[in-house]
Amino acid sequence: MENRLPLIAANWKMHKTIGEAVSFTEDLQKETAPSVDREVVIAPPFTALDAVRRTISRPDFKLAAQNCHCEEQGAFTGEISAVMLKDAGCDYAIIGHSERRHLFGETDDMVHRKLVAVFRHGMVPILCVGETLEQREDGSTFKVVDAQVQQAVLGLNPQEARLLVIAYEPVWAIGTGKTATPGQAQEVHAFIRERYGALCDKSVANATRILYGGSVKPDNVDSLMDQPDIDGLLVGGASLEVNSFKRIVQFKTTKK
Ligand code: PGA
């Protein structure tokens with residue numbers, strides 16, 4: 001696995017009050033053993049970041065924001081900057097999620113600027129890319145994903161390029177119950193790694209974690225994690241209940 005530490009992230013989207021977020025985090029820590037061979041990332045809504053940070057009591061649990069503005073401060077009503085997220089204790093920030101791109105009009109250029117801001121403040125971006133159903137059907141999946149990655153990572157230094165986490169999330173699989181088959185996901189992951197290697201450096205790409213997201217469930221987690229280029233998962237719906245997310249965190253793989 002080229003020493004790529006598996007990363008399992010819960011993207012709660014616009015779900016959970018502070019109390020619900022805290023009791024979920026407490027329960028998950030109680031019901032799973034601390035682990036050195038996987039990392040668990042919780043991305044609660046902004047309002048619960050601080051409370052979840054205070055609840056996290058294990059080094060294998062990390063905190064993520066679901067979005068970030070690219071400017072440090074200013075007249076941007078309703079936005080939150082990377083400085084503020086760092087201050088709130090975030091380790092990661094999800095950038096360019098398809099809901100941000102499609103419902104809130106985020107462009108590749110905005111995604112790029114957000115990514116730079118997240119790195120500038122000592123956090124790691126989880127860059128989301130993925131094709132729509134129409135793009136998959138017209139055969140442009142690889143072209144779309146390639147362009148999204150290329151534009152997002154422009155100008156990263158080698159250290160940043162190595163730390164970056166990429167999440168392949170086919171838009172047609174998000175929240176639809178339609179998971180990409182392990183083979184479909186692996187094909188795109190291997191492509192992303194190869195192209196990322198050509199863009200940065202092969203050894204950097206071999207160390208970069210590429211997550212899969214889109215209708216991950218307890219019953220498909222093991223077969224997804226068995227794929228050689230799937231290094232973790234970004235989980236929406238199935239991360240809202242402790243029982244199902246616990247099973248996902250406890251994925252089993254025969255991969256070496
Ligand atoms: P889903 O969402 O697991 O509910 O499909 C994944 C995501 O949007 O990150």
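The values are calculated or read from the model by the stated rules, or taken from the named source; none is laboratory data. All values reported here derive from a predicted model rather than from experimental measurement. As a convention, Cβ positions derive from the backbone with ideal geometry for all residues, glycine included, and neighbour counts pool all protein chains shown. The protein model used for the area step is the full one, side chains on, heavy atoms only, and it has no ligands, DNA or RNA in it. Shrake-Rupley method; radii C 1.70, N 1.55, O 1.52, S 1.80 Å.
In the set (1) open to solvent by less than 70 Å² (accessible area, probe 1.4 Å); (2) at pLDDT below 95; (3) more than 16 Å from the ligand (Cβ to nearest atom), residue 155 fails one condition alone, (1). Screening 32, 17 for residues that are among the hydroxyl-bearing types (Ser, Thr, Tyr) and open to solvent by less than 20 Å² (accessible area, probe 1.4 Å) leaves exactly one candidate, 32.
Filtered by the rule that a residue be over 16 Å from the mean Cα position of the chain (by Cα), surrounded by fewer than 24 Cβ atoms within 10 Å (Cβ to Cβ) and on the phi < 0 side of the Ramachandran plot, segment 79-106 gives 79, 80, 81, 83, 84, 86, 87, 88, 102, 103, 104, 106.
So which of 194, 160 ends up being more than 17 Å from the chain's Cα centre (by Cα), modelled with pLDDT of 95 or more and either more than 10 Å from the ligand (Cβ to nearest atom) or among the polar types (S, T, N, Q) (or both)? Full working, then the answer.
Working: 160 fails: more than 17 Å from the chain's Cα centre (by Cα).
Exactly one of 194, 160 is more than 17 Å from the chain's Cα centre (by Cα), modelled with pLDDT of 95 or more and either more than 10 Å from the ligand (Cβ to nearest atom) or among the polar types (S, T, N, Q) (or both), namely 194.
Which of the residues spanning segment 198-218 are open to solvent by less than 40 Å² (accessible area, probe 1.4 Å) and either in a strand (DSSP E or B) or more than 16 Å from the ligand (Cβ to nearest atom) (or both)?
Taking segment 198-218 first, the residues open to solvent by less than 40 Å² (accessible area, probe 1.4 Å) are 204-205, 207-216.
Result: 204, 205, 207, 208, 209, 210, 211, 212, 213.
Screening the candidates 171, 188, 149 for the property of being over 25 Å from residue 218 (Cα atoms) and buried (at least 17 other Cβ atoms within 10 Å of the Cβ) yields one hit, 149.
Can you find, within segment 219-256, the residue that is surrounded by the fewest Cβ atoms within 10 Å (Cβ to Cβ) among those that are hydrophobic (A, V, I, L, M, F, W, C) and part of a loop (DSSP other than H, G, I, E, B)?
Start the filter on segment 219-256 by keeping residues that are hydrophobic (A, V, I, L, M, F, W, C), which leaves 221, 224-225, 230, 233-235, 238, 240, 242, 245, 248-249, 251.
Narrowing the set further to residues that are part of a loop (DSSP other than H, G, I, E, B) leaves 230, 240, 251.
Working: 230: 25, 240: 17, 251: 19.
Once the filter is applied, the top-ranked residue is 240.
The strands (runs of 3 or more DSSP E) located wholly in segment 72-189 that include 1 or more residues which are among the hydroxyl-bearing types (Ser, Thr, Tyr), in contact (Cβ under 8 Å) with a residue 40 or more places away in the chain and within 26 Å of residue 49 (Cα to Cα) occupy 92-95, 165-168.
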